[in-house]
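Q: Pasting a structure below so you can have a look.
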Amino acid sequence: MRKSFLYIIMIACAYSLVACVKSETDNTDRLISFAPVAGKPTKAIIEGTTYPTSESFVVSAYHNGTAAYFEDQTASYNSTNALWETAIPEYWPLAGSLNFIAYSPASVNATITSSGVSIDDYTITTAEQLATDLLYANYTVADCASHPEAAAITFSHALSQVVFRVKASDYYANTAFAMTSLSLEGINSVGDFSVDSWSNQASEHTYTITSSSTALTYDANDEPETITLGAYLFIPQSLGANAALNVGYSITQTVNSTDYTVTNPPVSIHLGGNIVEWEPGKKYIYTLNIGLNNLIQFTATAQAWGEAEGGVVVE
């Protein structure tokens with residue numbers, strides 16, 4: 001009987017120790033937090049490595065790889081303490097590793113497991129969705145006994161950024177050009193995200209990039225100036241046969257002080273070529289050249305999206 005009583009006491013002590021490790025409210029040195037970096041809202045695409053203080057992210061932590069330590073906590077910036085804090089205070093374990101998995105913004109309907117972030121039927125059709133950065137992170141502290149002051153989570157961009165620019169292909173005397181419309185068609189607007197890749201892209205959609213007139217200009221040396229029409233976020237995908245730019249433009253020529261303007265209906269240009277796929281975390285720049293001969297040509301380039309392959313650091 002005495003042995004059984006002692007055994008019960010040992011079990012009770014063990015559970016008490018675990019509770020103390022998880023929520024030592026008097027030991028602020030072990031409070032898990034995320035150090036701040038000031039920045040701009042994600043409603044404008046994050047171009048650098050600064051995570052905006054105006055946004056919140058959802059984070060889960062797994063002890064020694066797979067054991068749930070805490071799950072689906074929302075972390076927001078506390079300007080008073082100058083720290084990112086979870087809604088419920090969480091504390092570092094006394095030993096072992098802790099793997100943090102997170103996504104941003106917090107409004108996304110996503111699922112976190114020890115393997116990573118997953119999202120079903122992520123959709124981009126509205127203007128707000130075209131400008132909302134979707135981010136994910138997987139960060140491990142290998143030894144919680146000597147944990148850092150704050151967990152330096154590095155987010156990666158899950159979407160593809162596409163930038164559209166336009167300019168005159170050359171200098172033309174007595175001739176003015178204007179972009180009158182630009183739309184994008186045959187682009188998948190829905191996809192499933194899991195860990196770090198996309199699948200099941202579907203639902204081709206037409207996006208209106210601009211429907212207003214943009215005059216093409218020249219600099220003081222009569223060199224065509226490049227005008228950026230905007231930057232947009234899309235589901236990463238292969239560019240199929242239906243993926244195309246529809247470009248409307250007008251040409252005004254001045255003859256004997258009289259202007260003659262011809263407005264052309266949209267011309268469809270297939271997006272395929274040297275770029276056949278939009279990948280996560282990459283920026284693609286399409287520059288349209290409008291001229292009198294071969295009226296529309298375009299070049300396409302891809303580049304890394306900011307530093308660390310598009311990483312946005314919360315440190």
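Q: Among LEU216, LEU233, which comes first, second and so on when ranked by fewest other beta-carbon atoms within 10 Å?
A: Working: LEU216 23, LEU233 19.
In order of increasing Cβ crowding within 10 Å: LEU233, LEU216.
Q: In addition: Between ILE275 and SER213, what FRET efficiency comes out of the Förster formula 1/(1 + (r/R0)^6) with R0 = 25 Å and r the beta carbon distance, rounded to 0.05? Present the calculation step by step, with values, prior to reporting the outcome.
A: Values: r = 28 Å, r/R0 = 1.11.
With a Förster radius of 25 Å, E is 0.35.
Q: Okay, next question. Sort LEU239, LEU292, LEU182 so the one with the fewest other Cβ atoms within 10 Å of its own Cβ comes first.
A: LEU292, LEU239, LEU182
Q: Which of rounded, prolate or oblate describes segment 136-239 when judged by the alpha-carbon gyration tensor and an a/c cut-off of 1.5?
A: The shape class here is oblate.
Q: Now for a separate question. Sorted from fewest to most neighbouring beta carbons within 10 Å, what does the list GLU85, GLU225, GLU90 look like?
A: Final ranking by Cβ density, sparse to dense: GLU225, GLU85, GLU90.
No lab work stands behind these numbers, since they all come straight from the coordinates. These numbers come from a predicted model, not from an experiment. With ideal geometry, Cβ positions are generated from the backbone for all residues, glycine too; neighbour counts draw on all protein chains shown.
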